[in-house]
Amino acid sequence: MKKAGIIIVILGVVLTIFTAFTVFTREKVVDIGSLKITANKPHHLNWSPLVGVAVIGLGAVLVLMAPKK
């Protein structure tokens with residue numbers, strides 16, 4: 001459980017630093033017979049840095065609650 005907590009803390013740090021992600025999809029613009037034109041359409045995914053802080057807190061709880069050897 002300690003390893004999972006550390007991985008979750010690292011994921012939280014990444015979510016705090018990078019607060020946006022852009023994905024591109026292809027969209028058909030023109031389709032006339034054999035003429036086909038496509039365009040790349042961006043989709044933006046944004047989240048608050050507080051989400052990353054919450055994930056860091058969850059990972060810290062998992063690390064602290066892990067049984068001691």
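Nothing in this text is a laboratory measurement; each read-out follows from the coordinates by a stated rule. As the structure is a computational prediction, the values presented were derived from the model and not from experiment. Here the Cβ positions follow ideal geometry from the backbone for every residue, glycine too, while neighbour counts run over all protein chains shown.
Inspect the stretch 11-23 for any residue being in contact with a His (Cβ under 8 Å, 6 or more places away or on another chain), over 30 Å from Lys69 (Cα atoms) and surrounded by 10 or more Cβ atoms within 10 Å (Cβ to Cβ) and give the result as yes or no. Scanning the stretch 11-23, I find at least one residue that is in contact with a His (Cβ under 8 Å, 6 or more places away or on another chain), over 30 Å from Lys69 (Cα atoms) and surrounded by 10 or more Cβ atoms within 10 Å (Cβ to Cβ), so the answer is yes. Here Val63 fulfils each of the conditions (1) among the hydrophobic types (A, V, I, L, M, F, W, C); (2) free of Cβ contacts under 8 Å to residues at least 60 places away in the same chain; (3) surrounded by 10 or more Cβ atoms within 10 Å (Cβ to Cβ) apart from (2). Residues being part of a strand (DSSP E or B) and among the basic types (Lys, Arg) are entirely absent from the stretch 56-68. I'm checking my understanding of the structure. Among residues of the stretch 24-37 that are surrounded by fewer than 10 Cβ atoms within 10 Å (Cβ to Cβ) and of a type in the set (Lys, Arg), which one is nearest to Leu64 (Cα to Cα)? Checking each candidate, the answer is Arg26.
Tell me which residues, restricted to the stretch 19-37, are closer than 30 Å to Gly52 by Cβ and part of a strand (DSSP E or B).
Restricting attention to the stretch 19-37, the residues satisfying the condition of being closer than 30 Å to Gly52 by Cβ are 19-25.
Across the stretch 19-37, the qualifying residues are Ala20, Phe21, Thr22, Val23, Phe24, Thr25.
Of all residues in the stretch 27-37, those satisfying the criterion of being of a type outside the set (D, E, K, R) and either closer than 30 Å to Leu15 by Cβ or within 33 Å of the chain's Cα centre (by Cα) (or both) are Val29, Val30, Ile37.
Would the stretch 44-65 turn up any residue that is of a type in the set (Phe, Trp, Tyr) and touching a helix residue (DSSP H, G or I) at 6+ places or on another chain (Cβ under 8 Å)? Yes, that holds for at least one residue. Kindly indicate the residue of the stretch 38-52 that is part of a strand (DSSP E or B) and surrounded by 10 or more Cβ atoms within 10 Å (Cβ to Cβ) and also nearest to the chain's Cα centre (by Cα) among those meeting that condition. Applying the filter and picking the extreme gives Lys41.
Condition test on Leu11, is it part of a strand (DSSP E or B), at negative phi, under 11 Å from the mean Cα position of the chain (by Cα) and touching a residue at least 24 places away in the same chain (Cβ under 8 Å)? Even if it seems obvious, please write down each step before you answer.
Values: part of a strand (DSSP E or B): no; at negative phi: yes; under 11 Å from the mean Cα position of the chain (by Cα): yes; touching a residue at least 24 places away in the same chain (Cβ under 8 Å): yes.
So Leu11 fails the test.
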